[in-house]
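Working notes, beginning with the structure itself.
The values are calculated or read from the model by the stated rules, or taken from the named source; none is laboratory data. Everything quoted here is computed from the prediction, not taken from an experiment. FYI the Cβ positions are ideal-geometry reconstructions off the backbone, even for glycines, and counts take in every protein chain you see.
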Ligand code: PHE
């Protein structure tokens with residue numbers, strides 16, 4: 001090859017090396033490009049060996065040209081390699097700088113049920129073993145089931161006790177789970193043992209202790225000779241299971257048109273043991289649920305003869321119970337979607353209860369089995 005041609009070829013190789021070096025993005029690719037040009041069989045590497053083929057008088061010039069090309073291509077690749085090395089060590093030190101062993105790790109948040117659901121399931125387990133069925137009714141109710149059949153006629157002042165969402169179709173969002181008392185009486189007839197956990201709605205201004213959407217759990221037991229003693233026994237058992245210890249309870253008179261007599265059931269304060277503290281407003285008692293003997297008019301509305309059957313009903317505030325059990329102080333947390341509210345049941349829920357619980361009916365100890373019977 002003429003010297004001139006060689007020089008042209010070398011210029012071409014240098015040009016090619018430059019554009020390849022610019023394209024290369026990582027060390028392994030650079031190694032391959034280098035081999036393709038500088039390797040023994042590479043474009044430039046092959047030419048290096050041809051120096052012996054030239055006549056002695058041009059060998060000097062050929063050598064100079066080859067060495068210059070070799071050097072410049074070598075420098076090109078060295079620069080390229082340095083660039084990669086710098087990048088890598090920058091990334092390394094960024095990684096090293098980002099690691100702070102004092103920071104908490106990325107904790108997994110395991111999924112969990114809502115506190116209200118946790119308490120609901122717990123109560124269902126207790127009552128199922130007493131032979132109670134778990135019933136449900138519609139959130140959207142008629143005036144008849146929500147009020148009238150519960151002994152609250154349209155003109156009765158007791159309607160003011162419950163601020164109601166009225167719907168355009170003459171229906172309303174149920175203000176309590178009590179309408180399902182009537183629905184269950186109509187559906188099954190006596191005897192009845194059921195609970196009704198469910199969502200209720202009231203037209204409330206929302207604050208730490210009021211919500212427009214909350215959960216209750218209705219309870220209803222109807223049979224021959226059901227008395228207040230049965231009510232007290234069942235309530236004491238329920239609270240013992242929920243709070244996992246014996247609790248003292250007391251009844252105070254309370255007014256609800258659908259029970260007679262009606263009561264407010266208090267539980268001895270679990271925080272102070274009854275001595276009086278801020279939680280129980282120094283009284284030693286905490287109001288836990290309203291209850292009473294089913295009013296004869298309500299039995300009649302449900303198609304049951306009040307001269308043959310009697311019963312008790314209670315309205316447990318599920319949301320409130322969940323707040324008490326899990327120490328949640330603000331009701332707004334419950335519907336907020338704040339996932340921290342879901343951490344509670346996992347840590348605090350008591351052990352699962354198994355076996356059949358004794359239930360005193362008609363003075364004899366039976367174990368609840370037949371639904372409603
Ligand atoms: N339904 C009543 C309320 O929501 C509670 C209640 C239920 C009272 C059953 C007595 C008996 O206020």
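Quick one: would you say residue 239 is over 17 Å from residue 191 (Cβ atoms), away from the ligand (no atom under 12 Å from the Cβ) and crowded, with 19+ Cβ neighbours inside 10 Å?
Taking the combined requirement at face value, the residue satisfies it.
Could you say whether any residue in region 248-257 is more than 14 Å from the ligand (Cβ to nearest atom) and in contact (Cβ under 8 Å) with a residue 40 or more places away in the chain?
no
In region 304-326, is there at least one residue being in a loop (DSSP other than H, G, I, E, B), away from the ligand (no atom under 11 Å from the Cβ) and at positive phi?
No, that holds for no residue.
Output the number of residues of region 123-148 satisfying the condition of being surrounded by fewer than 21 Cβ atoms within 10 Å (Cβ to Cβ) and either modelled with pLDDT under 90 or within 24 Å of residue 336 (Cα to Cα) (or both).
Number of matching residues: 3.
Taking region 153-163 as the region of interest, how many residues are more than 20 Å from residue 196 (Cα to Cα) and outside any helix (DSSP H, G or I)?
Matching residues across region 153-163 total 5.
Given the options 192, 228, name the one that is within 19 Å of residue 290 (Cα to Cα) and within 15 Å of the ligand (Cβ to nearest atom).
Selected residue: 228, the only one of 192, 228 that is within 19 Å of residue 290 (Cα to Cα) and within 15 Å of the ligand (Cβ to nearest atom).
One residue is enough: does region 138-147 have a residue meeting the conditions in contact (Cβ under 8 Å) with a residue 60 or more places away in the chain and either in a helix (DSSP H, G or I) or within 15 Å of the ligand (Cβ to nearest atom) (or both)?
Yes - at least one qualifying residue is present in region 138-147.
Is one or more of the residues making up region 153-163 buried (at least 16 other Cβ atoms within 10 Å of the Cβ), in the same structural domain as residue 292 (by TED's automatic domain parsing) and modelled with pLDDT of 90 or more?
Looking through region 153-163, none of the residues is buried (at least 16 other Cβ atoms within 10 Å of the Cβ), in the same structural domain as residue 292 (by TED's automatic domain parsing) and modelled with pLDDT of 90 or more.
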